[in-house]
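S.K.: Could you have a look at this structure, given as structure tokens, before my questions?
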Amino acid sequence: TGPSLELELMNYNRNKALVSDAAFRGGSPIRSGRIYAVVQGDLNTGVAFSNPNSQSVVINFNFADDSGNALYTGQVTLAAGAKTSTFLSESPLRPSTGIPLNRIRSFTFSASAPIAAAAVRTLTNENGDFLIAVLPIADLSLPTQPVVLPFYADGGGWRSEIQLVNTTDSNLKGTVEFFPDLSGSASDLVYDIPPRSAVAIPTPGTGAQTKTGWARVSPNAGTANPAG
């Protein structure tokens with residue numbers, strides 16, 4: 001006996017061969033959340049909502065740009081027991097006005113009752129393969145915790161991208177420290193995230209040899225942790 005672990009799996013197969021997959025771990029329903037979001041070229045972001053309540057739920061959402069300014073706000077209603085999943089570039093989330101989707105940096109939602117939520121980042125690569133990766137959702141009702149990223153790869157043709165989300169209404173500044181260092185001294189990457197926005201910080205990828213390790217996000221004194 002003990003706590004159960006609920007997993008939802010998403011697979012993409014081509015000619016019966018597994019190309020990419022993502023595993024979503026079950027969690028408690030939340031009222032509000034924020035994710036790093038991008039709709040640029042072959043990159044897209046998808047979200048899924050499920051309403052476990054016995055009454056309909058109203059979900060208010062907005063897109064913010066790299067300065068934290070709201071690009072678009074909208075609202076969807078989810079019936080009792082209903083589910084929905086869509087890309088940010090599709091109805092009912094896609095803005096009805098002519099806002100350039102490539103300006104989106106964060107997606108924020110708030111619901112009238114707790115809902116289950118999940119998010120993915122997708123990429124269609126040069127071979128036409130549809131690659132998927134789970135995006136963590138920052139619960140805006142909880143304080144953010146220190147961020148430790150257990151793995152990075154850089155150099156030898158590899159790069160990693162550190163995605164950080166500002167869950168506050170203030171600028172967040174700090175550094176991403178790599179262990180071992182990316183390139184000797186002064187190899188930490190600096191971040192400055194506007195309120196309600198998010199940033200993606202790539203590693204340089206310039207070394208001839210692939211280096212792997214882990215990373216730690218260290219906020220400046222007096223500032224909160226970002227989500228990552």
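S.K.: Would you mind getting me the FRET efficiency between Phe151 and Thr223? Use the beta-carbon distance for r and R0 = 45 Å, nearest 0.05.
M.R.: Numbers: r = 25 Å, r/R0 = 0.56.
Efficiency computed from Cβ-Cβ geometry: 0.95.
S.K.: Ordering Lys211, Lys16, Lys83 by accessible area with a probe of 1.4 Å, largest first, what comes out? Each step should come with its number before you reach the end.
M.R.: Values: Lys211 70, Lys16 200, Lys83 165 Å².
Descending accessible area places them as Lys16, Lys83, Lys211.
S.K.: What is the calculated FRET efficiency for Ser54 to Arg31, with r their C-beta to C-beta distance and R₀ = 22 Å, to the nearest 0.05? Please report the intermediate quantities before stating the final value.
M.R.: On the way: r = 17 Å, r/R0 = 0.75.
That pair, Ser54 with Arg31, gives E of 0.85.
S.K.: Here is a further query. Given the options Pro202, Pro150, Pro114, state which has the largest fluctuation in a GNM of the chain using a 10 Å cut-off (strictly under) for Cα springs.
M.R.: Highest fluctuation among the options: Pro150.
S.K.: When the accessible area of the chain is split by element with a 1.4 Å probe, what percent falls to carbon and sulfur? Spell out each step's value before the answer.
M.R.: Values: 6170 of 12260 Å².
It is 50 percent, rounded to a whole number.
S.K.: Keeping all protein chains in position, work out how much accessible area Val190 exposes to a 1.4 Å probe, and write it in Å² to the nearest 10.
M.R.: Approximately 110 Å² for this residue.
S.K.: Which entry in [x] 114, 43, 33; [y] 57, 53, 51; [z] 98, 35, 33 is this structure's computed Cα extents along the principal axes in Å?
M.R.: Read-out from the structure maps to [y].
S.K.: Right, here's the next one. When only the heavy atoms of the protein chains count and the probe is 1.4 Å, how do Glu177, Glu126, Glu90 rank by accessible area, highest first? Don't jump to the answer; show the numbers that get you there.
M.R.: Details: Glu177 40, Glu126 180, Glu90 85 Å².
The most accessible residue leads, giving Glu126, Glu90, Glu177.
S.K.: What number comes out for accessible area per residue over the chain if the probe is 1.4 Å? Units Å², please.
M.R.: Values: 12260 Å² over 228 residues.
Here the residues of the chain average 54 Å² of exposed surface.
S.K.: Where the centre of each part is set by its Cα atoms, how far does the stretch 68-111 sit from the stretch 115-168, in angstrom?
M.R.: 19 Å
S.K.: Next up: Please work out how much accessible surface Ser89 shows to a 1.4 Å probe, ignoring ligands, DNA and RNA, in Å² rounded to 10.
M.R.: Roughly 30 Å² of Ser89 is accessible to a 1.4 Å probe.
S.K.: Remind me, relative contact order of the chain in percent, using alpha carbon pairs under 8 angstrom and six or more residues apart? Kindly include the intermediate steps, with their values, before the conclusion.
M.R.: Numbers: 570 pairs, mean separation 50.5, N = 228.
RCO, the chain: 22 percent.
S.K.: Give me the percent relative contact order of the stretch 98-228, please, defined on Cα pairs under 8 angstrom at least 6 residues apart.
M.R.: Working: 249 pairs, mean separation 39.9, N = 131.
So the answer I get is 30 percent.
S.K.: Under a plain spin-label model, where a point goes 7 Å from the Cα along Cα-to-Cβ, how far apart in nm are Ser89 and Ala200?
M.R.: Between Ser89 and Ala200, the label points sit 1.2 nm apart.
S.K.: Find the Rg to Rh ratio for the stretch 121-190, where Rh is the Kirkwood radius over alpha-carbon pairs and Rg uses the same atoms. Don't skip to the end; give the middle numbers.
M.R.: Values: Rg = 15.4 Å, Rh = 15.2 Å.
Using Cα coordinates only, the ratio equals 1.01.
S.K.: Shifting gears a bit: Between Ser96 and Leu131, what length comes free when the chain is fully extended (0.36 nm per residue of separation minus the Cα-Cα distance, one decimal in nm)? Before the final figure, lay out each step's value.
M.R.: Details: separation 35, 0.36 × 35 = 12.60 nm, distance 2.74 nm.
Gain in length upon complete extension: 9.9 nm.
S.K.: Rounded to the nearest 0.05, what FRET efficiency is calculated for Asp42 and Ala70 with R0 set to 35 Å and r the Cβ-Cβ distance?
M.R.: Numbers: r = 26 Å, r/R0 = 0.74.
So, using R0 = 35 Å, E works out to roughly 0.85.
The values are calculated or read from the model by the stated rules, or taken from the named source; none is laboratory data. Everything numeric here is computed off the predicted structure, so don't read it as measured data. No Cβ is skipped: glycine too gets one built from the backbone with ideal geometry, and neighbour counts run over all protein chains shown. Surface accessibility is based on the protein's heavy atoms, side chains included, excluding ligands, DNA and RNA. Shrake-Rupley method; radii C 1.70, N 1.55, O 1.52, S 1.80 Å.
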